[in-house]
Every structure is written in structure tokens, then in C-alpha cells.
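Colleague: Sharing a structure with you now.
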Amino acid sequence: MWPTRPGETVGAVRAVVLVALGTALMALSAKVNLPLPYVPMTLQTLVVLMIGAAYGWRLGSATMVAYLVEGALGAPVFAGPIGGIAPLVGPTAGYLFGFIAAAFVTGWLAERGWDSSVMLLFAAMAVGHIVILAAGFGWLAFGLGLGVAKAFQVGIVPFVAASLVKNALGATLMPAARRLIDRRR
């Protein structure tokens with residue numbers, strides 16, 4: 001996304017700017033949502049996976065941590081006009097914390113060449129989506145006590161088709177964005 005240059009100051013400034021940009025994109029993607037009974041469907045997972053693939057596992061997961069901290073401190077960055085601790089302990093908590101692991105895994109896979117083709121990037125993003133859905137499912141089933149059947153019904157089923165569409169979109173957008181950036185250098 002942004003070429004690295006020698007020097008610790010430049011690297012630190014670059015990281016801060018990219019994290020700020022990433023958290024802003026996360027906040028915007030949270031506002032595009034379809035309300036569902038327990039957990040809204042948003043564009044956040046698409047942005048999480050694209051940040052992971054573009055930033056790598058270190059900066060990608062750090063960006064997700066920064067996003068959750070912003071929300072915990074009260075910034076209205078989560079779905080709906082809310083911030084604070086409530087989303088981090090309510091029905092969305094598993095998904096939100098799953099963002100960190102998904103950015104980590106997707107970034108780690110991308111750094112190992114899984115971003116070299118649309119199909120491999122689709123697979124890397126699918127792994128990221130599985131991580132997010134598993135974290136959300138686990139929290140709904142066991143953290144909130146909904147049980148396995150109900151958690152699967154409200155926490156997995158409504159999101160499968162959208163996850164596949166987001167994977168396809170992300171896997172095709174990333175190479176196009178890189179080509180555009182490479183042309184400008």
C-alpha cells in the first residue's frame with residue numbers, strides 16, 4: 001500500500017497512518033449494515049480480510065486491536081451509532097474479537113504467497129471468515145448461553161452466502177488495487 005523507506009521514524013509514521021486509515025475504514029464498513037436479530041450483517045469482515053491481506057499479519061492485527069480500543073473508549077465505530085464496552089460483551093463480541101485473529105491469519109497467509117492469485121487469496125479470506133464465524137459462534141453458543149443449535153441458526157447460517165460474496169469481492173479487488181498502486185510508482 002505504501003512503500004517502506006529506511007528509517008525508524010518513517011516506518012513508525014507509516015504504521016500510524018495505515019492503522020488510522022484501517023480503523024476509519026472499519027468504522028465506515030460498520031455503518032453499512034443489515035440489522036438481524038442478534039448480530040447485524042456489515043461490510044466489516046470484507047475490510048478486516050482486505051486489511052489483513054494488504055497490511056500483513058503484524059500491522060493487520062494491530063489495526064484490529066486499535067479499532068476495538070477506539071470502540072471500547074466510546075468512539076461510535078461499531079455497527080449502529082454506538083461505542084463503548086457493550087458491543088464487546090454483547091452478542092457481537094465473538095465476531096469483534098475474531099477480527100483480530102482473522103486479520104492475523106489472512107495476513108500471515110498473504111505474506112506466504114496466498115495473495116499471488118485470486119483463487120489463493122479467496123482461500124486465505126475464506127480461512128479468515130471461518131475464524132470470524134467460529135469466534136462469533138463460540139461466543140453466542142457458550143458465552144451468551146444460546147446453545148449450539150440456536151447459535152448456528154443466528155450466528156452462522158445468515159452469514160455464509162454473504163461471506164462467499166465478500167471473499168470473491170475482496171480476492172478480486174486486492175490485485176486490482178495493487179496494479180493501480182504499482183502503476184503510480
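Colleague: Give the residues of the stretch 80-116 that are over 24 Å from A24 (Cβ atoms), outside any helix (DSSP H, G or I) and in contact (Cβ under 8 Å) with a residue 12 or more places away in the chain, sorted by residue number.
Modeller: Answer for the stretch 80-116, where residues must be over 24 Å from A24 (Cβ atoms), outside any helix (DSSP H, G or I) and in contact (Cβ under 8 Å) with a residue 12 or more places away in the chain: just P91.
Colleague: Give L34, L43 a once-over and let me know the one that is free of Cβ contacts under 8 Å to residues at least 24 places away in the same chain, of a type outside the set (V, I, T) and open to solvent by 60 Å² or more (accessible area, probe 1.4 Å). Break it down into steps so the answer makes sense when it comes.
Modeller: On the way: L43 fails: free of Cβ contacts under 8 Å to residues at least 24 places away in the same chain.
The conditions single out L34.
Colleague: Scan the stretch 131-161 residue by residue and report those that are touching a residue at least 60 places away in the same chain (Cβ under 8 Å) and under 16 Å from L46 (Cα atoms).
Modeller: Within the stretch 131-161, I132, G136, P158, F159 meet the criteria.
Colleague: What is the number of the single condition among (1) crowded, with 21+ Cβ neighbours inside 10 Å; (2) within 19 Å of T63 (Cβ to Cβ); (3) modelled with pLDDT under 95; (4) of a type outside the set (D, E, K, R) that F159 does not meet?
Modeller: Failed condition: (2).
Colleague: Does L73 meet the test of being among the aliphatic types (A, V, I, L, M), under 14 Å from the mean Cα position of the chain (by Cα) and open to solvent by 10 Å² or more (accessible area, probe 1.4 Å)?
Modeller: Values: among the aliphatic types (A, V, I, L, M): yes; under 14 Å from the mean Cα position of the chain (by Cα): no; open to solvent by 10 Å² or more (accessible area, probe 1.4 Å): yes.
Against the criterion (among the aliphatic types (A, V, I, L, M), under 14 Å from the mean Cα position of the chain (by Cα) and open to solvent by 10 Å² or more (accessible area, probe 1.4 Å)), L73 does not qualify.
Colleague: Within the stretch 17-28, count every residue that is closer than 11 Å to A79 by Cβ and open to solvent by less than 10 Å² (accessible area, probe 1.4 Å). Please lay out each step first, then the result.
Modeller: Narrowing the stretch 17-28 to residues closer than 11 Å to A79 by Cβ: 26-27.
The next check asks that each one be open to solvent by less than 10 Å² (accessible area, probe 1.4 Å); those that pass are 26.
Residues in the stretch 17-28 being closer than 11 Å to A79 by Cβ and open to solvent by less than 10 Å² (accessible area, probe 1.4 Å): 1 in total.
Colleague: Moving to a separate point now. Among residues belonging to the stretch 81-130 that are of a type in the set (D, E, K, R) and open to solvent by 70 Å² or more (accessible area, probe 1.4 Å), point out the one that is farthest from L46 (Cα to Cα). I'd like the intermediate steps shown before the answer.
Modeller: First, the residues of the stretch 81-130 that are of a type in the set (D, E, K, R): 111-112, 115.
Retained after the next criterion (residues that are open to solvent by 70 Å² or more (accessible area, probe 1.4 Å)): 111-112.
Numbers: E111: 18, R112: 20 Å.
Taking the candidates together, the pick is R112.
Colleague: Which condition number in (1) more than 23 Å from M64 (Cα to Cα); (2) loosely packed, with under 14 Cβ neighbours inside 10 Å is the one that V165 fails?
Modeller: Going through the list (1) more than 23 Å from M64 (Cα to Cα); (2) loosely packed, with under 14 Cβ neighbours inside 10 Å, V165 breaks only (1).
The values are calculated or read from the model by the stated rules, or taken from the named source; none is laboratory data. None of the values given here were measured: they were computed from a predicted structure. Cβ sites come from the backbone with ideal geometry, for glycine too, and all protein chains shown count toward neighbours. Surface accessibility is based on the protein's heavy atoms, side chains included, excluding ligands, DNA and RNA. Shrake-Rupley method; radii C 1.70, N 1.55, O 1.52, S 1.80 Å.
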